[in-house]
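Undergrad: Structure in structure tokens, see below.
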Amino acid sequence: MYPAKKKVFLTLGAILLLTLACSITVMAAEGDAEYVPAVYSTFWALVPPVVAIGLALITKEVYSSLFVGILMGGLLYSGFQFETTITHIFEDGIISVLSDSYNVGILVFLVILGTMVGLMNKAGGSAAFGQFAAQKIHNRVGAQLATILLGVLIFIDDYFNCLTVGSVMRPVTDKFKVSRAKLAYLIDATAAPVCIIAPISSWAAAVTGFVEGEDGFSIFIRAIPYNFYAILTIVMMIGMVIMKMEFGSMRTHESNAVKGDLYTTPGRPYGLAKDELTETKGKVIDLLIPIISLIICCVIGMLYTGDFFSGTDFVTAFSNSDASLGLTFGSFFGLVITIILYQIRRVLSFSDCMACIPEGFKAMVPAILILTFAWTLKAMTDSLGADVYVAGLVESSAGGLINFLPAIIFVVGCFLAFATGTSWGTFGILIPIVVAVFENSNPQLMIISISACMAGAVCGDHCSPISDTTIMASAGAQCEHVNHVTTQLPYAITAAVVSFVTYIVAGFVQTAWIALPVGIVLMLGVIFVMKSMGNQVDENK
């Protein structure tokens, strides 16, 4: 009882202290002019996400921590007026984000993928693939490398990557006793980091859209070698798997997994998602055909939303695509193809297929709840002018220390994405500033700094408990969300520190041919040093 009470007191204490501190600086707006909160575009705009993240890490409880952050945002916005606080939280927050067509599309995509996973499990496709993979994969290293390979191959979209890789590889990693926390890390580290260096992806489309007045796609291509965090994360991940090296709390999770406990903690948030592993007629094609159909349909769906079939060229269509709508279209047709396949092969009855729809929804309830709260927290942060505050900080630092600016931008991007939980929002804030500062003075440093924006955004997104990609990775691995965050954080910070040093080098040499090899050597050196310190998992029971 004592630890539980301690967590409650910590939460209430944090709320009380912040309320007292904020009440000193907050004043209610008056008059008929457009309402602007007194703390707009100040440090206080970043308090709500910081509170939510801090409480989540301290209490290990996500839902209440996110809601406390949302409540703080509402209080700061309203000047501690009860009616305005409630109205802002629900009308401008929860209801608004759930009325947004982009967000609803993502939720529909989640439910359909949950349904498809349920169908593949019930039809026996997942079990058949697990048996097939067991013949080709012989140890834990092979299972993890196969997960990384699949994650790299699915570079179209990070949401799609997280849930698809998780559903396909979970039976395999479970068989070879890879912890759910490690699976979540492998998924997360091959989602955004791969998408941000893939020219044909929803992330590339987002970045090119923020580079106004320039050839956005060309700049994105030129920036790839300077995206140090993404590249070094992949190097680090593969290096640690091959050398069987783990550190931090992940080492505990992996050691326990070898002994048979894949979770380590009591949390089983996806307990409703039951895998049907009874005897079926399922074969490997009952998993491969649905997954391949899903990939093809999602690509076609994204191209359709970018007007590819109306004469727009492929690259432009992808750049202009609506990822949410395209993934919704694609997943729907992937689901239809899957149901038709199972009817033709007679592995499931039609009524069994329909029964998987509510089961798929149940399986995704934790992810949907966390996403809804995370989106609402972002809405609170936006209403307080966090983007304006951070943009001012970056512009004020552009005057001096030009060669250090890529490293500075990387850190600012990390912090902003960590606090807000959004990479794309970070792109939108920082990239236009970088272009304005450098486009007429130093085009090469502009490319490096744009890469630093992207790398910092991905890093902060990778670390943040309120990031949608982090939430999706937890859902894909069916891992307790706080476990995923706490085990991944030391790895992400290690890659971030090496990336920061590499950006300092890049700011002076201004060529990837020198900076990138330096970063890779530093990263491998860190891995070797940590291994020599005894950070190795004993795979013998």
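The values are calculated or read from the model by the stated rules, or taken from the named source; none is laboratory data. If you're wondering where the values come from, they're calculated on a predicted model, not measured in any experiment. No Cβ is skipped: glycine too gets one built from the backbone with ideal geometry, and neighbour counts run over all protein chains shown. Surface areas here come from the heavy atoms of the whole protein model, side chains and all, with no ligands, DNA or RNA. Shrake-Rupley method; radii C 1.70, N 1.55, O 1.52, S 1.80 Å.
Undergrad: Looking at region 441-541, I'd like the Rg to Rh ratio, where Rg is from alpha-carbon atoms and Rh is Kirkwood's inverse mean 1/r. Write down the numbers at each step before the final one.
TA: Details: Rg = 16.7 Å, Rh = 15.7 Å.
Rounded to two decimals, Rg/Rh equals 1.06.
Undergrad: For region 496-510, just list the computed ³J(HN,Hα) in residue order, Karplus coefficients 6.51, -1.76 and 1.60, θ = phi - 60°, integers in Hz, with x standing in for Gly and Pro.
TA: Each residue of region 496-510 in turn: 5, 5, 5, 5, 4, 4, 5, 5, 5, 4, 5, x, 8, 7, 6 Hz.
Undergrad: In addition: May I ask you to compute the full-extension gain from Ile221 to Glu61, defined as 0.36 nm times their residue separation minus their alpha-carbon distance, rounded to one decimal in nm? It would help to have the intermediate numbers written out before the result.
TA: Numbers: separation 160, 0.36 × 160 = 57.60 nm, distance 4.04 nm.
The span from Ile221 to Glu61 would gain 53.6 nm if fully extended.
Undergrad: Just the number, please: carbon plus sulfur as a percent of the accessible area of region 336-387, 1.4 Å probe, no ligands or DNA/RNA counted. Walk me through the numbers before you get to the answer.
TA: Numbers: 1490 of 2120 Å².
Carbon and sulfur together cover 70 percent of it.
Undergrad: Calculate, in whole percent, how much of the Cα-Cα pair population of region 26-168 lies beyond 27 Å. If you can, show how the numbers build up before the last one.
TA: Numbers: 4961 of 10153 pairs.
In whole percent, the long-distance tail amounts to 49.
Undergrad: At a Förster distance of 35 Å, what's the computed FRET efficiency of Asn403 paired with Leu153, Cβ-Cβ distance as r, to 0.05?
TA: On the way: r = 37 Å, r/R0 = 1.07.
That gives a FRET efficiency of 0.40.
Undergrad: May I pose another question? Rounded to whole Hz and in sequence order, give me ³J(HN,Hα) for region 40-57 from the Karplus expression 6.51 cos²θ - 1.76 cosθ + 1.60, θ = phi - 60°, writing x for Gly and Pro.
TA: Listing the rounded values in order: 4, 6, 10, 4, 4, 5, 8, 5, x, x, 5, 4, 4, 5, x, 5, 4, 6 Hz.
Undergrad: On to the next question. In nm, to one decimal, how far is the Tyr102 label point from the Val529 one, both placed 7 Å along Cα→Cβ?
TA: 4.0 nm
Undergrad: Hey, another quick one. Which order do the peptides 446-458, 177-189 take when ranked by the mean count of other beta-carbon atoms within 10 Å per residue, highest first? Don't skip to the answer; put the middle values down first.
TA: Numbers: 446-458: 30.5, 177-189: 27.7.
Highest-to-lowest ranking by the protection proxy: 446-458, 177-189.
Undergrad: Considering region 69-109, what Rg and Dmax in Å follow from its alpha-carbon atoms?
TA: Calculated on Cα positions, Rg and Dmax stand at 12.1, 38 Å.
Undergrad: Through the Karplus equation 6.51 cos²θ - 1.76 cosθ + 1.60, θ set to phi - 60°, convert the phi angles of region 70-77 into ³J(HN,Hα) values in whole Hz; use x for Gly and Pro.
TA: 4, 4, 4, x, x, 5, 5, 5
Undergrad: By how many nm would the segment from Val521 to Phe332 lengthen if fully extended, with 0.36 nm per residue of separation less the alpha-carbon distance? Intermediate values should be presented prior to the final figure.
TA: On the way: separation 189, 0.36 × 189 = 68.04 nm, distance 4.48 nm.
Answer, rounded to one decimal: 63.6 nm.
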